[in-house]
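Have a look at the structure below, then the notes.
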Amino acid sequence: MREITYQDAIREALRLAMQRDERVFLLGEDIGLYGGAFGVTLGLLEEFGPERVRDTPISELTITGTAVGAALIGMRPVLEYMFMDFSSLGMEQLVNQAAKIHFMLGDQLSVPMVVRAPAGSGTGAAAQHSQSLEAWFAHIPGLKVVMPSTPYDAKGLLLASIEDPNPVFFVEHKLLYRLKGEVPEEYYTIPLGHADVKREGRDVTIIATSLMVHRALNAAARLAEEGIEAEVVDPRTLKPLDDETLIASATKTGKVVIVYEAYKTGGIGAEIAARLVESEAFDYLDAPIIRLGGLDAPIPYNRTLEHHAVPQEETILDAVRRVVKGKV
Amino acid sequence: MTDLVKTRTVESAGALSREAKIEMLRKMWLIRAFEEKAEELYALGKVHGTMHLSIGQEASAVGAVAALRPDDYMLSTHRGHGHCLAKGAEPRRMMAEFLGKVTGYCRGRGGSMHIADVNSGNLGANGVVAGGVPIAVGVGLGIQMQRSDRVVLCFFGDGAVHEGAFHEALNLASLWRLPVIFLCENNQYAMSLATTRALAVPQIAQHAASYAMPGSQVDGNDVLVVYEATSQALQRARGGEGPSLIEAVTYRWRGHSKSDRQLYRSREEIEAWKAKDPIQRFTQRLETEGTLQKGEASRLEAAARKAIEEAVLFAEESPEPTLEEILQGVYA
């Protein structure tokens, strides 16, 4: 199969959705001629024109509300935040409006919108352009949260998100944009709420999200040389979370390491760990569940400090070895 | 430049039929009767949450909505009972919502602050100050992209002008020439804070100049003046010329909500505004011009109060939602 990058896969999903459904349109800052801060929407303005690929002023609160309002009357807006950090400026519309409208107004209206945003550190952009804030949104009933790690997943999950009748926060990772992988050319969807076992193994389960999936897979390859077979599970959708797959893997291996880039405290790893110990997997656990999250500090600018602020392959290797050897 | 209209000669309102004017008065009485009854039910402990009454502000709700077509959209506020009734919501389903019943517009999940009625184009009241203002931009954009000639009327209060959302939204709606009418009901207090203590430019209509749209300040207690201003804005919006800002100056007779001890304004001020009762003013006008015969107004009031009694009966006899409802409807 042909290989394309993660960002090409996202662009292809947007293009296919817009070709298929004239209600779908894009809005965001510098997404037109500029192609978005990371080039994800490059070329779409030429293909679909300025009405459906709309450059907006730097008004995150109002462009979020604009997506909500358009969705209310039957459009299918896909909004891009230039950085996930700036979701804080749109929070009122996401949390108090988009997430609540269907429930609060007695099922009379729904809000089929997608918000895309690049998250993550590693680019030297420091504290206000590097955060992974997905747990904020997973906390809110009424929102769905999707966080793909591969080009294949990115395309299929984005198309499913656009089809979904609810507001979906689609979290991309800046360091994944250039990653290549096999992606079918046709339209396909991956249902939300289904985890994917990225590597099978019997000794330990590594549950990882987004960029961390790749660090976990790299770690797993090295662990295999030491005779440790790690299973790597990617939830792919944080809300709804696929408890069944996560519990089944934890039950099988009895040892769990959870890896996520966001600040460790209150991150999605805390939720996953809690769900596992509340489940039947508890009886099968041979060791404490380890959470590897980002340090509880703003992302620093300095290259070395930034590197050490979030989990790396070595961090995962160390944690898995300790868990497998019963040293925790 | 901003066009400060003040109270002036009514033009298109002059073309209103007798029936249309009487319907406006009927709606105003329906709102007044509804809210007085809601307040009574609250005092009896039958309403679980708080409520924000618009008694004294009926003219801005009815005058603005009367200018719309039935298929035009509307967004309302936390003080939105009047808007919803004016747009066509059924009093019985609103009252059922107040009592938390499953027959209410929101199945008992929303209460007084969240009445929506999709069938009448009412896309929802909003519990967040300025919450609906950016949403109106999106509704306007949707209308424009769907090549429809509908318009969205967005109500908000003077408090919304404190919010950044107001300024961002007016900018974007004007930039994209969207069919939005921004209708500010300036009742002069955002909870306890007077407009003069909150806004460097307390003449709200003047803010329109910053966003290159017409702004008019009108007597919000004169239903025909509000109708006229809204009609002009509608004509502009339907003609693809973009949004307008209308500031309807009015006054709420009651406190902000049920917790208000009214320490921030005087009894004299409240009484002075009660003397400008929009219902009495409109009644006198209609009687003077001969549209209404003596006694007709009191029959309209009586009919409104009877309709509200029936609404209460419906609400009280309606079932409570089941516990399963808590997790239903979170997702579409």
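Pick from the range B:195-216 the residues that are assigned to a loop (DSSP other than H, G, I, E, B) and small (G, A, S): which of them is farthest from B:Y227 (Cα to Cα)? Explain how you work it out, then say what you get.
Start the filter on the range B:195-216 by keeping residues that are assigned to a loop (DSSP other than H, G, I, E, B), which leaves B:199-203, B:212-214.
Still in the running and small (G, A, S): B:200, B:212.
On the way: B:A200: 28, B:A212: 22 Å.
Looking at the filtered set, the residue picked out is B:A200.
Go through (1) crowded, with 16+ Cβ neighbours inside 10 Å; (2) at positive phi one by one and return the number of the condition B:G220 breaks.
Condition not satisfied by B:G220: (2).
Could you please give the count of residues in the range B:119-144 that are more than 7 Å from chain A (Cβ to nearest Cβ), within 15 Å of B:F182 (Cα to Cα) and assigned to a helix (DSSP H, G or I)?
Matching residues across the range B:119-144 total 3.
Restricting attention to the range A:164-194, report how many residues are on the phi > 0 side of the Ramachandran plot and surrounded by fewer than 17 Cβ atoms within 10 Å (Cβ to Cβ).
Total satisfying the criteria: 0.
If you check B:L30 against the conditions, is it within 29 Å of B:G110 (Cβ to Cβ), over 21 Å from the mean Cα position of the chain (by Cα), assigned to a helix (DSSP H, G or I) and modelled with pLDDT of 90 or more? Can you show your working first?
Values: within 29 Å of B:G110 (Cβ to Cβ): yes; over 21 Å from the mean Cα position of the chain (by Cα): no; assigned to a helix (DSSP H, G or I): yes; modelled with pLDDT of 90 or more: yes.
Against the criterion (within 29 Å of B:G110 (Cβ to Cβ), over 21 Å from the mean Cα position of the chain (by Cα), assigned to a helix (DSSP H, G or I) and modelled with pLDDT of 90 or more), B:L30 does not qualify.
Would it be correct to say that A:L79 is in contact with a Leu (Cβ under 8 Å, 6 or more places away or on another chain), in the same structural domain as A:L109 (by TED's automatic domain parsing), surrounded by fewer than 18 Cβ atoms within 10 Å (Cβ to Cβ) and not in a helix (DSSP H, G or I)? Step through it out loud before you land on a result.
Details: in contact with a Leu (Cβ under 8 Å, 6 or more places away or on another chain): yes; in the same structural domain as A:L109 (by TED's automatic domain parsing): yes; surrounded by fewer than 18 Cβ atoms within 10 Å (Cβ to Cβ): no; not in a helix (DSSP H, G or I): yes.
No.
Residues in the range B:149-158: is at least one surrounded by fewer than 24 Cβ atoms within 10 Å (Cβ to Cβ), closer than 25 Å to A:P112 by Cβ and more than 12 Å from chain A (Cβ to nearest Cβ)?
Within the range B:149-158 (the criterion being surrounded by fewer than 24 Cβ atoms within 10 Å (Cβ to Cβ), closer than 25 Å to A:P112 by Cβ and more than 12 Å from chain A (Cβ to nearest Cβ)), the answer is yes, since at least one residue qualifies.
Tally time: how many residues in the range A:82-107 are in a loop (DSSP other than H, G, I, E, B) and under 20 Å from the mean Cα position of the chain (by Cα)?
At the first step, the residues of the range A:82-107 found to be in a loop (DSSP other than H, G, I, E, B) are A:82-83, A:99-100, A:105-107.
Within this subset, residues satisfying the condition of being under 20 Å from the mean Cα position of the chain (by Cα) are A:82-83, A:99.
Counting residues in the range A:82-107 that are in a loop (DSSP other than H, G, I, E, B) and under 20 Å from the mean Cα position of the chain (by Cα) gives 3.
Is it the case that the range A:14-28 has a residue that's modelled with pLDDT of 95 or more, under 19 Å from the mean Cα position of the chain (by Cα) and among the β-branched types (V, I, T)?
No: the range A:14-28 contains no residue that is modelled with pLDDT of 95 or more, under 19 Å from the mean Cα position of the chain (by Cα) and among the β-branched types (V, I, T).
Okay, residues lined up against (1) within 30 Å of B:G127 (Cα to Cα); (2) within 14 Å of chain B (Cβ to nearest Cβ); (3) in a loop (DSSP other than H, G, I, E, B); (4) not charged (D, E, K, R):
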site: A:L109; (1), (2), (3), (4): yes, yes, yes, yes
site: A:T123; (1), (2), (3), (4): no, no, yes, yes
site: A:I140; (1), (2), (3), (4): yes, yes, yes, yes
site: A:L159; (1), (2), (3), (4): no, no, no, yes
site: A:E172; (1), (2), (3), (4): no, no, no, no
site: A:G181; (1), (2), (3), (4): no, no, no, yes
site: A:E185; (1), (2), (3), (4): no, no, yes, no
site: A:L192; (1), (2), (3), (4): no, yes, yes, yes
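Going by what's in this entry, would A:P50 be described as surrounded by fewer than 21 Cβ atoms within 10 Å (Cβ to Cβ), more than 7 Å from every other protein chain (Cβ to nearest Cβ) and in a loop (DSSP other than H, G, I, E, B)?
Yes: the conditions hold for A:P50.
Between A:A37, A:A71, which is of a type in the set (A, V, I, L, M) and under 20 Å from A:S161 (Cα atoms)?
Values: A:A37 fails: under 20 Å from A:S161 (Cα atoms).
Matching residue, one of A:A37, A:A71: A:A71.
Hey, A:E22 hits all of (1) crowded, with 24+ Cβ neighbours inside 10 Å; (2) within 11 Å of chain B (Cβ to nearest Cβ); (3) not polar (S, T, N, Q) but one; which does it fall short on?
Unmet for A:E22, out of (1) crowded, with 24+ Cβ neighbours inside 10 Å; (2) within 11 Å of chain B (Cβ to nearest Cβ); (3) not polar (S, T, N, Q): (1).
Kindly indicate whether B:N171 is touching a residue at least 40 places away in the same chain (Cβ under 8 Å), more than 9 Å from chain A (Cβ to nearest Cβ) and of a type in the set (S, T, N, Q).
Values: touching a residue at least 40 places away in the same chain (Cβ under 8 Å): yes; more than 9 Å from chain A (Cβ to nearest Cβ): no; of a type in the set (S, T, N, Q): yes.
Answer is no for this residue.
From the list B:S60, B:S12, which one is farther than 30 Å from B:L327 by Cα and in contact with a strand residue (DSSP E or B) (Cβ under 7 Å, 6 or more places away or on another chain)?
On the way: B:S12 fails: in contact with a strand residue (DSSP E or B) (Cβ under 7 Å, 6 or more places away or on another chain).
Of B:S60, B:S12, the one residue that is farther than 30 Å from B:L327 by Cα and in contact with a strand residue (DSSP E or B) (Cβ under 7 Å, 6 or more places away or on another chain) is B:S60.
Counting just the residues of the range A:142-157 that are part of a loop (DSSP other than H, G, I, E, B) and more than 14 Å from chain B (Cβ to nearest Cβ), which one comes out surrounded by the fewest Cβ atoms within 10 Å (Cβ to Cβ)?
As a first pass, look at the range A:142-157 and keep what is part of a loop (DSSP other than H, G, I, E, B): A:142-143, A:147-150.
Cutting the leftovers down to more than 14 Å from chain B (Cβ to nearest Cβ) gives us A:147-150.
On the way: A:M147: 29, A:P148: 29, A:S149: 27, A:T150: 23.
My answer is A:T150.
Of the residues A:A99, A:A119, which is touching a His at 6+ places or on another chain (Cβ under 8 Å) and under 27 Å from A:R52 (Cβ atoms)?
Details: A:A99 fails: touching a His at 6+ places or on another chain (Cβ under 8 Å).
Of A:A99, A:A119, the one residue that is touching a His at 6+ places or on another chain (Cβ under 8 Å) and under 27 Å from A:R52 (Cβ atoms) is A:A119.
Quick check on B:P91: is it away from chain A (no Cβ under 14 Å), touching a residue at least 24 places away in the same chain (Cβ under 8 Å), farther than 23 Å from B:K274 by Cα and crowded, with 23+ Cβ neighbours inside 10 Å? Break it down stepwise before answering.
Numbers: away from chain A (no Cβ under 14 Å): yes; touching a residue at least 24 places away in the same chain (Cβ under 8 Å): yes; farther than 23 Å from B:K274 by Cα: yes; crowded, with 23+ Cβ neighbours inside 10 Å: yes.
Yes.
Take the range A:54-80 and flag every residue that is among the charged types (D, E, K, R) and either in contact with a strand residue (DSSP E or B) (Cβ under 8 Å, 6 or more places away or on another chain) or within 7 Å of chain B (Cβ to nearest Cβ) (or both). Before the answer, list the steps.
Filtering the range A:54-80 down to residues among the charged types (D, E, K, R) leaves A:54-55, A:60, A:76, A:80.
Listed by number, the residues that qualify are A:R54, A:D55, A:R76, A:E80.
A:S210 versus (1) crowded, with 20+ Cβ neighbours inside 10 Å; (2) farther than 16 Å from A:L238 by Cβ; (3) of a type in the set (S, T, Y): which is the lone unmet condition?
Going through (1) crowded, with 20+ Cβ neighbours inside 10 Å; (2) farther than 16 Å from A:L238 by Cβ; (3) of a type in the set (S, T, Y) one by one, A:S210 breaks only (2).
Of these, A:A250, A:A230, A:A221, A:A262, which one is under 17 Å from A:D318 (Cα atoms) and touching a helix residue (DSSP H, G or I) at 6+ places or on another chain (Cβ under 7 Å)? Write out each step before concluding.
Working: A:A250 fails: under 17 Å from A:D318 (Cα atoms); A:A221 fails: touching a helix residue (DSSP H, G or I) at 6+ places or on another chain (Cβ under 7 Å); A:A262 fails: under 17 Å from A:D318 (Cα atoms).
So the residue among A:A250, A:A230, A:A221, A:A262 that is under 17 Å from A:D318 (Cα atoms) and touching a helix residue (DSSP H, G or I) at 6+ places or on another chain (Cβ under 7 Å) is A:A230.
The values are calculated or read from the model by the stated rules, or taken from the named source; none is laboratory data. Quantities reported herein were computed from a predicted structural model and do not represent experimental measurements. Positions of Cβ are backbone-derived with ideal geometry, glycine not excepted, and every protein chain shown enters the neighbour counts.
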